[in-house]
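The values are calculated or read from the model by the stated rules, or taken from the named source; none is laboratory data. Quantities reported herein were computed from a predicted structural model and do not represent experimental measurements. A quick note on method: Cβ atoms are made from the backbone with ideal geometry, for glycine too, and the neighbour counts reach across all protein chains shown. The area values use the complete protein model at the heavy-atom level, side chains included, leaving out ligands, DNA and RNA. Shrake-Rupley method; radii C 1.70, N 1.55, O 1.52, S 1.80 Å.
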Amino acid sequence: MSEFFRFEDKTRDFPYYKHNPRLSKTAWIVLLVLVPVSLLAYSLISLKSEFIGSLAFCLMMLIPLLYFSNWDYSLMFRKPTRKEIGLAVLLFIGYMIYAIAIGEFLDLIGQGTVATPESMGTSLETIISLVFSMMGEELMKFIPLMFFMRLIYKFTENRKASVVISTIIILIYFGLLHFEPGVNTIIFVLLTQGLGSIFELYGYIKTKNVFVPYISHLLTDALIFATMLIWM
């Protein structure tokens, strides 16, 4: 099992951070603006159709990203290998163990959820929508991660520092995105969705393949969905 966690594809590198390829300032501005805009579109469109909302959420970021990358999808994606799929599954299991443990700890100190959030739907449309919404969430992390890597590397020329600092920023950012006053607490989202995202980011950092964190994330939400169905 440990071989999966030692696995790293050293034949690939992170794109964009050292102009590999170069993205213009305009491209970065458009991509960063589209992150919150696509999330807002998802929230509004999903009121009418969850599937269309999820599809728009994903494509509003994916198509411009591919366009500015000259349609070279290999910068982000490739067919996952057996080792990569195994890594994604292990990271999914690791996150579930972490989420349960941290949830119990936060409940113990009175920092868990303080209200029951509105649950996701339980229709076939919801199942199909997960395929697109989970990719949208991964792109929400990928685009800012690459931007901060580029920004930090520009001033430090230190690849390791740019990866570490950018990862910390994304963990905090992704956690705060899930904060809902009256539903959960800041410490809850920072530790559960924020620090918990290290499992998915680790998958990307080790493989440079967005499909790895995507598979891990999809398994997590699919399990939550299945659990809801069982308890209904």
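Yes/no per residue for (1) within 12 Å of the chain's Cα centre (by Cα); (2) free of Cβ contacts under 8 Å to residues at least 40 places away in the same chain; (3) under 17 Å from residue 134 (Cβ atoms); (4) open to solvent by less than 30 Å² (accessible area, probe 1.4 Å):
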position	(1), (2), (3), (4)
180	no, no, no, no
183	no, no, no, yes
191	no, no, no, no
194	yes, yes, no, yes
201	yes, no, yes, yes
215	yes, no, yes, no
218	yes, no, yes, no
226	no, yes, yes, no
- Name the helices (runs of 4 or more DSSP H) wholly within segment 145-232 that hold at least 3 residues that are of a type outside the set (A, V, I, L, M, F, W, C), under 27 Å from residue 17 (Cα atoms) and in contact with a helix residue (DSSP H, G or I) (Cβ under 8 Å, 6 or more places away or on another chain)? 159-177, 198-207, 211-231
- Restricting segment 45-83 to residues that are in a loop (DSSP other than H, G, I, E, B) and open to solvent by less than 40 Å² (accessible area, probe 1.4 Å), the residue that is farthest from residue 141 (Cα to Cα): 49
- Failed item, numbered, when residue 113 is tested on (1) modelled with pLDDT of 95 or more; (2) surrounded by fewer than 18 Cβ atoms within 10 Å (Cβ to Cβ); (3) β-branched (Val, Ile, Thr): (1)
- Looking at (1) at pLDDT 95 or above; (2) in a helix (DSSP H, G or I), which is the only condition residue 14 fails? (2)
- Note on the structure: Flagged pairs (Cβ under 7 angstrom, 6 or more apart or on separate chains; first in segment 60-86, in contact (Cβ under 8 Å) with a residue 12 or more places away in the chain and on the phi < 0 side of the Ramachandran plot; second assigned to a loop (DSSP other than H, G, I, E, B) and among the polar types (S, T, N, Q)) are 75/69; 77/209; 78/209; 80/209; 84/209
- Pairs returned, first residue in segment 158-175 that is within 14 Å of residue 200 (Cα to Cα), second residue that is part of a helix (DSSP H, G or I) and of a type in the set (Ser, Thr, Tyr), beta-carbon separation under 8 angstrom, 6 or more apart or interchain, are 170/197; 171/197; 174/197; 175/192; 175/197
